[in-house]
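Input: a single structure, listed below in C-alpha cells.
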Amino acid sequence: MATRKKARKTKKKTKAKAKPKPKKKAKPKPKKKAKPKKKPKPKKNAKPKKNAKPKKKPAPKKKAKKAVAPKKARRPAPPPKDLGDFSMESKVQRQKDVAWRMIDGEAVIITPADSTMHTLNDVGTRIWELMTGTRTLREVAGVLCAEFEVDKDRAEKDTLWFAECLAKKGLIEYP
C-alpha cells in the first residue's frame, strides 16, 4: 500500500505543477458594410394603383444668409491735386497720411497707394525735411547750396526734379 500512496502523491504533484492553459480570445469578425438597397425598377407596362398618391419632393430648404457689408475694394490713392508744373516759387509740403521715419540719417518713406518703401539719400532726405509748406523750392535749393558743395543752378534743377518725382508718387501737396 505504501507504493500506492507514493503514486498518488506524485500524481498530485504533477497536477499542481501543470500550468493552466490560457483561454483563446475569440477574434472579432470584420463587420460587413451594408449595401444600399436598390429601388425596384418599375415594370414597363405596369399600371399605377388607383388609390396611390403621387409622391411630392420636399422643397429644398433655403439657408439664411448673414448680412455682410460689402468688402471695400482697395483703390489706389487718388492722384494728387493737379500740381501742374512746378516753379521755383512753388511752396509744397509732405502729404499728411504718408508714413516716414529717419533711419541712420536717411528718410524711409512708404507710398500709401501701393505700400512701396523708398529710401532717400542724404540730399533727398534734406529736401524732404525742408518741404514743410513754409519755404519755396528756391529757398530749399539755397539751403542745399549752403550745406552741400553744389552750385545754385544745379541745386535748383535737382530740387525741382525731385519735387516733380514726389508729386507723381502722391507724396507732396500744396499747403
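Read-outs throughout are calculated quantities, based only on the coordinates presented, and are distinct from any laboratory measurement. Just so it is clear, the model here is predicted, and its values are computed rather than measured. As a convention, Cβ positions derive from the backbone with ideal geometry for all residues, glycine included, and neighbour counts pool all protein chains shown.
Checking the structure you have, find out if any residue of the range 131-141 is free of Cβ contacts under 8 Å to residues at least 40 places away in the same chain, more than 14 Å from SER90 (Cβ to Cβ) and of a type outside the set (A, V, I, L, M). Checked against the condition, which is being free of Cβ contacts under 8 Å to residues at least 40 places away in the same chain, more than 14 Å from SER90 (Cβ to Cβ) and of a type outside the set (A, V, I, L, M), the range 131-141 yields no hits at all. Output the residue which, of all residues in the range 99-156 that are among the hydroxyl-bearing types (Ser, Thr, Tyr) and outside any strand (DSSP E or B), is surrounded by the fewest Cβ atoms within 10 Å (Cβ to Cβ). Among them, the one singled out is SER115.
Residues that are of a type in the set (Phe, Trp, Tyr), surrounded by 13 or more Cβ atoms within 10 Å (Cβ to Cβ) and in a helix (DSSP H, G or I) within the range 157-174 comprise just one, PHE162.
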